[in-house]
Amino acid sequence: MTVSLIDLKTQYLSIKEEIDAAVLQVLAQGQYILGPNVKALEEEVAAYCGVKYSVGVANGTDALLLTLLAYGIGPGDEVITTPYTFFATSEAICQAGATPVFVDIDPKTYNLDVKKITAKITARTKAILPVHIFGQIADMDEIMELARANNLIVIEDACQAFGAQYKGKKAGSIGHTGCFSFFPTKNLGGYGDGGIVVTNDEEIAAKIRVLRVHGSNKKYIHQELGYNSRLDEIQAAILRVKIKYIDQWNNARMEKANLYKSLLAGSGIMVPHAEPWNKHIYHLFIIRSAYRDKIATRLKDNQVSSAIYYPVPLHLQKVHANLGYQVGDLPEAEIAARETLALPMSPHLSNQDIQLIASLLKQEI
Ligand SMILES: *Cc1c(COP(=O)(O)O)cnc(C)c1O
């Protein structure tokens, strides 16, 4: 492929000297897990998001799982979430022992349709877990209002939205807790696995700190069962370099998205909708067409990568068959799964490549 979906190599080369120096410094310093770089990264991420506490963990899935456990969410509890997300969202809910309750999406933003949440709240509902899908924050004012009225916890799955904003507030800082992934392809990604939880709740931050190191707050003293879910120093050092560029990179994504949008105007292909109060950072650039599969084939024939996020909505995944959902239960998520396609997107994508892709999309199907 001449145009890749996510260009990580060009990004590395653009900051190679800083990254190499940071990694070598960790190797020489001799402390490799939960050391000074993790502590500094936690402070930098908390300051960036505008929250008091942040706790580095092994990955975004664990950020969600440890957060659910810290709130005491488990067997018998229900967590309202979206079916149109990466599987880790519902997987974490199930690993905590709770039951995901799926609510259909808004077909314009692909985020939770907040109008449909109330009907799914029961006496067992403990939390709402919105996902800021593709880099745009869900309708958090409505979600927080519902949570207040029904005494629910709100955990933001912000794994695709580092630096995105909603009415001037950063992703992760609006709910009770926000969870991020530093998987390499995320808009703020390391060169391995990593994740972080942000919150203003001191007690929850302290509980996650204990859960991430085998349920221990003093070496070799264990009061509860925990996990081995730590962020390593090399990843933290890399992320401390990259976080300095995140606004610049997110802004570049927005410029690339706007170029795509202007070139595709009038083509009949639906481009992403950004709510005016949101800073959508286009973690992925998602188009929509009834001819999705033909478009993907044409791109492939012309050496352009594209990908389907996500071909099977979570309520129809085999692993969740026990939850009893049928085809047709969440129609917007099901149609989106058939019609959406991610086009190449990264801060380093050239305008020429965008022009090439747009011209391929505009040819007659
Ligand atoms: C990537 C992702 C996760 C999981 O993060 P990992 O670091 O891969 O464990 C969870 N939720 C969403 C929405 C994601 O995109």
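The values are calculated or read from the model by the stated rules, or taken from the named source; none is laboratory data. In this text, all values refer to a predicted model and were calculated from it rather than measured experimentally. Don't worry about glycine lacking a Cβ; one is built from the backbone with ideal geometry, like all the others, and counts go over all protein chains shown.
Quick rundown of the values:
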{"quantity": "Residue satisfying condition, being crowded, with 19+ Cβ neighbours inside 10 Å, of a type in the set (Gly, Ala, Ser) and part of a helix (DSSP H, G or I), within set Ala252, Ala274, Ala257", "calculated": "Ala257"}
{"quantity": "Top-ranked residue of region 129-152 - restricted to ones that are outside any loop (DSSP other than H, G, I, E, B) and within 15 Å of the ligand (Cβ to nearest atom), ranked as surrounded by the fewest Cβ atoms within 10 Å (Cβ to Cβ)", "calculated": "Phe134"}
{"quantity": "Members of region 57-83 found to be within 13 Å of the ligand (Cβ to nearest atom) and part of a loop (DSSP other than H, G, I, E, B), listed by number", "calculated": "Ala58, Asn59, Thr82, Pro83"}
{"quantity": "Number of the condition not met by Ser173 [criteria: (1) surrounded by 20 or more Cβ atoms within 10 Å (Cβ to Cβ); (2) in a loop (DSSP other than H, G, I, E, B); (3) within 16 Å of the ligand (Cβ to nearest atom); (4) at negative phi]", "calculated": "(3)"}
{"quantity": "Any hit, region 178-187, residues being surrounded by fewer than 21 Cβ atoms within 10 Å (Cβ to Cβ), more than 14 Å from the chain's Cα centre (by Cα) and not charged (D, E, K, R)", "calculated": "no"}
{"quantity": "Total residues in region 220-249, condition loosely packed, with under 14 Cβ neighbours inside 10 Å and β-branched (Val, Ile, Thr)", "calculated": "1"}
{"quantity": "Residue check, Ala342 within 27 Å of Thr82 (Cβ to Cβ), at pLDDT 95 or above and assigned to a helix (DSSP H, G or I)", "calculated": "no"}
{"quantity": "Criterion (within 16 Å of the ligand (Cβ to nearest atom) and under 20 Å from Asn278 (Cβ atoms)) met by exactly one of Ile155, Ile196, Ile208", "calculated": "Ile155"}
{"quantity": "Lys242 being in a helix (DSSP H, G or I) and closer than 25 Å to Val26 by Cα", "calculated": "yes"}
{"quantity": "Cys179, sole failed condition from (1) touching an Asp or Glu at 6+ places or on another chain (Cβ under 6 Å); (2) of a type outside the set (D, E, K, R); (3) within 16 Å of the ligand (Cβ to nearest atom); (4) assigned to a helix (DSSP H, G or I)", "calculated": "(4)"}
{"quantity": "Single residue of region 84-127 satisfying the filter (in contact (Cβ under 8 Å) with a residue 40 or more places away in the chain, in a loop (DSSP other than H, G, I, E, B) and within 12 Å of the ligand (Cβ to nearest atom)) that is surrounded by the fewest Cβ atoms within 10 Å (Cβ to Cβ)", "calculated": "Phe87"}
{"quantity": "Test result for Pro276, closer than 22 Å to Ile105 by Cβ and without any contact (Cβ under 8 Å) to a residue 12 or more places away in the chain", "calculated": "yes"}
